[in-house]
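Below is one structure, written out as structure tokens; comments come after it.
Where a number appears in this text, it was derived from the coordinates with a stated rule and is not lab data. Just so it is clear, the structure is predicted and the values come from calculations on it, not from any experiment. All Cβ positions, even for glycine, are placed from backbone atoms using ideal geometry, and neighbour counts span all protein chains on display.
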Amino acid sequence: NEGSLWGARFAGGPSPELQRLSKSTHFDWQLAPYDLAGSRAHARALAAAGYLEADELDRMIAGLDALEQRVADGELVAADSDEDVHGALEAALIAEVGPELGGKLRAGRSRNDQIATLVRLYLKDHAITIGRMLVHLIDALSAQADAHRTAIMPGRTHLQHAQPVLLAHHLLAHGWALSRDLERLVDWMKRADVSPYGGGALAGSTLGLDAASVARDLGLAHPAENSIDGTASRDVVAEFAFVAAMIGIDLSRISEEVILWNTREFGFVTLDDAYSTGSSIMPQKKNPDIAELARGKSGRLIGNLSGLLSTLKALPLAYNRDLQEDKEPVFDSVETLEVLLPAFTGMVASLTFHTERMAELAPAGYSLATDVAEWLVKRRVPFRDAHEITGALVRYAETNGLELHEVDDDALASISAHLVPEVREVLTIEGSVASRDGIGGTAPSRVDAQFATLADRVRHL
Ligand code: ARG
């Protein structure tokens, strides 16, 4: 069983079926740079504890550096016989520096503490990349909002016309949701910033290695407080998958709107040619594929999270090989978002909004009825009565095929003595929007203030 991490205890090598099942190099090879960083830190800890002479450490580090270069060049890849990235790189190190020195590195560590550390290092790096991509998307939404500060659109609840709102207010609403995803990533970092290295297989090591210095070397805040927890827990991976799924869901909600807005019936937006696709049969088609892919991929991100949670459920402590199943889903979530987010941001940044069409539809569906009711309340009519009076007004207008502002003075008076002609002053979409000027409201003054608070929030995360 040449080149394997074990053997002496076994009468023979693993069966080909087992090897095929057990193999993880086709996905864990991307952890190679982290594995080598872990090995360098571990070699230093071994030297500090007296298990490597100074010159041995130098040769070991030089060997690991050489492997890193060969991995980066694509020249060193896993062999068919390698089970995982850890074993493959140990074999490569032994080939590089000889069995005498290379065989010393494995002392005091296990693949169990290694893998638990490496997955954190990988996810931390990608959390930064994904975080930056989220900032770009929030910026693109803010820039579109900024370019349309006064545009008014129909605000909806239950997908029905509800009350007019500023387009900027609506776009910033998506920006706020994404800012919380960014905040989740930043907060997740605190829990990811722990090094299980030194925990060994589960119980720690007898060699007296300095786990804190290994953590420091790897840029992690501190070693795991409990070696069983360090090697056996994957909540940090699951939490990352949750944040990725939540980002996917927030993108999917924007997507659904872009898809609707882009229909002939809505006519609210036009997609840039560079961010839409055609049809192989229908020459006239221009499709919102980026939004559809985002909506579809949110399902995949949710699947990755639920698969991971299912793997963890009822898993006894400490390490179990089941834990190897954490990597493919979370790697997939990372890769999915890193491909999706730049395309999505490009789509948002290049959208053309048809603000006249939005403004035209904004008052439709009697969306100013609440304005009438609140106008009555300001004239000290109890809201219950105001609601009834306004309901009667809507009913009258609907039966007679009129908009609210088209109902004449006599008809108004016949519905209620409170409905004097001045009520028409609140029956404009501009007036309606401007009057919702409490904190968080859609009034232009409040929306103007949001640009700075959102930008501030994002920068300070
Ligand atoms: N490849 C494993 C994983 O991804 C780490 C190796 C631990 N294997 C073992 N037999 N203890 O979790």
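Key figures for this structure:
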quantity: Calculated over the range 78-230: convex hull of Cα atoms, volume per residue (Å³); calculated: 185 Å³
quantity: Amide proton proximity set for Glu83, modelled H, under 5 Å, gap of 5+; calculated: Ala88
quantity: Under the Debye formula (equal points on every Cα, no solvent term), log10 I(q)/I(0) of the range 363-461 at q = 0.14, 0.21, 0.24 Å⁻¹; calculated: -0.58, -1.02, -1.24
quantity: C-alpha long axis of helix 167-192 to longest principal axis of the chain, angle in °; calculated: 20 degrees
quantity: Neighbour-limited loop hits for GluC sites (Glu not before Pro), the range 1-109 (at most 14 other Cβ within 10 Å; DSSP other than H, G, I, E, B); calculated: Glu2, Glu53, Glu75
quantity: Estimated 222 nm signal from helices in the chain, with DSSP H stretches of n ≥ 4 weighted -39500 (n - 2.57), rounded to 500; calculated: -19500 deg cm²/dmol
quantity: Computed magnitude of the charge dipole of the chain (debye, nearest 20; Cβ of K, R +1, Cβ of D, E -1); calculated: 720 debye
quantity: The range 42-114 versus the range 304-332: alpha-carbon centroid distance in Å; calculated: 27 Å
quantity: Principal axis dimensions, the range 369-427 - Cα atoms, whole angstrom, descending; calculated: 29, 19, 18
quantity: Length-normalised contact order of the range 15-72 in % [C-alpha pairs under 8 Å, at least 6 apart]; calculated: 38 percent
quantity: Helix 111-147 vs. the chain, principal-axis angle (Cα, 0 to 90°, nearest 10); calculated: 20 degrees
quantity: Linear extension gain, Lys23 paired with Ala95, 0.36 nm per residue minus alpha-carbon span; calculated: 23.8 nm
quantity: Gyration tensor (alpha-carbon) shape descriptor, the range 408-461, a/c threshold 1.5; calculated: prolate
quantity: Tensor-based shape of the range 312-392 (alpha-carbon gyration tensor, a/c under 1.5 rounded, otherwise prolate or oblate); calculated: oblate
quantity: Convex hull of the range 91-181 built on C-alpha atoms - directionally averaged projected area, nm²; calculated: 10.3 nm²
quantity: The chain: C-alpha gyration tensor shape, a/c 1.5 cut-off, then a/b vs b/c; calculated: prolate
quantity: The range 16-107: translational diffusion in µm²/s, Stokes-Einstein, Kirkwood Rh over Cα pairs, 20 °C, 1.002 mPa s; calculated: 159 µm²/s
quantity: Cα centroid separation - the range 26-41 against the range 429-453, whole Å; calculated: 51 Å
quantity: Nonlocal amide H pairs with Ser195, under 5 Å, H built at 1.01 Å; calculated: His222, Ala224
quantity: Cα long-axis angle, helix 85-97 against the chain (0 to 90 degrees, to the nearest 10); calculated: 40 degrees
